[in-house]
Amino acid sequence: EPASVSEITFMNFKIDGNAHVRTKPTSEWRSYNIHVCGKPQLRIFGVTSVNSPIDCFCTRYKRPFELSENESVWVKVVNCHFEDAYRNTLSLVSGNSISFVNCEILGGGFVHGGTNPRYCLDIEPTSGDSRLHARNIKFTNCTFARAINAVVGGTWGQADFIGCTIDASYKHPLNVSKVGYPWAFTLSSLG
């Protein structure tokens, strides 16, 4: 978690959280394959993140009101593959200027059966304060599929999907008797 703006690039590697052979996560034991905090200027190219004990990828970095006047933070993710996590495959909790291009985001709640919400993508501010929301989110030519409860969900102010595939055709065995699962979208407002 850098205290000053830090430019970082990750390229062409795979992270396997090996969650299938680990014990189920608890509130005391949190493990994310990639968890972005602090003040990043982060580029991720050609990275695969699978089988995470919590989320395959999570942003929880500084928001605009927490930055000095000349600081700029962002995350750019290109040609990446995220698949199967205990909770959500991709969670955007906080941060600004987050973009994904040509990425696959698959699964959500698959390892150990998971816990709610079990989404491919969950944009989840932790407060009713709109300053805390993840902002300026853009997905271009991305694929979202194989969720248990919802393919894309959350509470947010802005998220753009351009040329993306949202595939809600997969029926997880947990939901065989439930009508309408998985949802393609579940969107809400904090009011």
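Ordering CYS142, ILE162, VAL152 by the projection of their Cα atoms onto the charge dipole of segment 93-191, which places +1 on the Cβ of Lys and Arg and -1 on the Cβ of Asp and Glu, puts VAL152 at the extreme positive end.
Counted residue by residue at 0.36 nm each, then reduced by the alpha carbon distance between them, the extension gain from SER188 to ASP129 reaches 19.8 nm. The spread of Cα positions in the chain, taken along each principal axis and listed from longest to shortest, comes to 53, 38, 35 Å. In straight-distance terms, cross-link reach from LYS178 covers every one of the lysines whose alpha-carbon lies under 28 Å from its own, apart from those fewer than eight places away in the same chain; here that gives LYS24. Phi angles of segment 100-105 translate, via the Karplus equation with coefficients 6.51, -1.76, 1.60 and θ = phi - 60°, into HN-Hα couplings of 10, 10, 6, 10, 10, 10 Hz per residue; Gly and Pro are given as x.
Candidate cross-link partners of LYS14 among the aspartates and glutamates, defined by an alpha-carbon separation under 20 Å and a same-chain spacing of 8 or more, comprise ASP55, GLU83, ASP84, GLU104.
Remark: the chain carries 46 Å² of accessible area per residue (probe radius 1.4 Å; ligands, DNA and RNA excluded).
Database remark: amide H of HIS172 closer than 5 angstrom to no amide H (H placed geometrically; neighbours at sequence offset of 5 or more, or on other chains; Pro and chain starts carry no H). Our coupling estimate for segment 83-95, obtained by passing each phi through the Karplus curve with A = 6.51, B = -1.76, C = 1.60 and θ = phi - 60°, is 8, 6, 9, 5, 10, 10, 5, 10, 10, 10, 8, 7, x Hz, Gly and Pro reported as x.
How much of the accessible area of the chain, in percent, comes from carbon and sulfur atoms when a 1.4 Å probe is used?
48 percent
Dipole check for segment 94-145: with +1 at the C-beta of Lys and Arg, -1 at the C-beta of Asp and Glu, and the Cα centre as origin, the magnitude is about 100 Debye.
The values are calculated or read from the model by the stated rules, or taken from the named source; none is laboratory data. Only a predicted model underlies this, so the values are computations on that prediction, with no experimental measurement involved. Please note: Cβ atoms are built from the backbone with ideal geometry, for glycine as well, and neighbour counts cover all protein chains shown. We work out accessible area using only protein heavy atoms, side chains counted, and drop any ligands, DNA or RNA first. Shrake-Rupley method; radii C 1.70, N 1.55, O 1.52, S 1.80 Å.
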